[in-house]
Amino acid sequence: MHPTIQKFHDLVLAHDHSGVPALMAKDVTFQPPTYWATWHGSDAVAAVLGHVNEVFTNFEYRRVMGADKDWALEFQCKVEGLDCVGVDLITLNEEGLMQTLEVVMRPYKTIGALRTAMSERVANDPSFLKHKSAIS
């Protein structure tokens, strides 16, 4: 496994968000499963992922697939007590940093619960609001 992917995998499982920003390119893009938009920049993406790390419970990776620059990390977790299966789709840049991250999930009901939980969390986080301009 690529060292960046291994480190991301290990940090997520340890619920240790502190090292994740160092794994991302400064101009990383993130496409969340909750709506059709893209977050831009490592600070904004790190802020989003920090909140997600608090919303997901019983998180575990089921499979890691990939090679070179393209990786898929299949996971399962719970969101507000609802079961979820998803995949982190990651592309690394030439320096081995995360350039793109797209998360796909199912079922629909769980995605709705994630969106609600995330909206409530970020609405109460003044430091997060500065990143709203990073969405396109």
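The values are calculated or read from the model by the stated rules, or taken from the named source; none is laboratory data. All figures in this text were calculated on a predicted structure; none of them were measured in a lab. Cβ coordinates were reconstructed from backbone atoms using ideal geometry, including for glycine residues, and neighbour counts include every protein chain displayed.
Within the set A123, A113, the sole residue that is at pLDDT below 95, surrounded by 13 or more Cβ atoms within 10 Å (Cβ to Cβ) and among the small types (G, A, S) turns out to be A113. Residues in region 2-54 that are exposed (fewer than 14 other Cβ atoms within 10 Å of the Cβ) and in contact (Cβ under 8 Å) with a residue 12 or more places away in the chain: P3, L13, H15, G19, K26, D27, Y35, A37, E54. For the residues V28, V45, the requirement of being closer than 23 Å to V122 by Cα, within 11 Å of the chain's Cα centre (by Cα), β-branched (V, I, T) and not in a loop (DSSP other than H, G, I, E, B) singles out V45.
Any chance region 58-75 includes a residue that's surrounded by 14 or more Cβ atoms within 10 Å (Cβ to Cβ), closer than 21 Å to L114 by Cβ, among the β-branched types (V, I, T) and out of contact with any Ser or Thr (no Cβ under 6 Å at 6 or more places or on another chain)? Checking region 58-75: not a single residue is surrounded by 14 or more Cβ atoms within 10 Å (Cβ to Cβ), closer than 21 Å to L114 by Cβ, among the β-branched types (V, I, T) and out of contact with any Ser or Thr (no Cβ under 6 Å at 6 or more places or on another chain).
Of everything listed in (1) touching a residue at least 60 places away in the same chain (Cβ under 8 Å); (2) part of a strand (DSSP E or B); (3) of a type outside the set (A, V, I, L, M, F, W, C), the single unmet condition for E95 is (2). Which members of region 1-22 meet the condition of being within 18 Å of A72 (Cβ to Cβ) and of a type outside the set (A, V, I, L, M)? Correct list: H2, P3, T4, Q6, K7, F8, H9, D10. Being assigned to a strand (DSSP E or B), within 24 Å of P107 (Cα to Cα), touching a Lys or Arg at 6+ places or on another chain (Cβ under 9 Å) and at pLDDT below 95 holds for only one residue in T34, T57, and it is T57. Scoring A72 on the criteria (1) in a loop (DSSP other than H, G, I, E, B); (2) touching a Leu at 6+ places or on another chain (Cβ under 6 Å); (3) under 20 Å from P3 (Cα atoms) leaves a single failure, condition (1).
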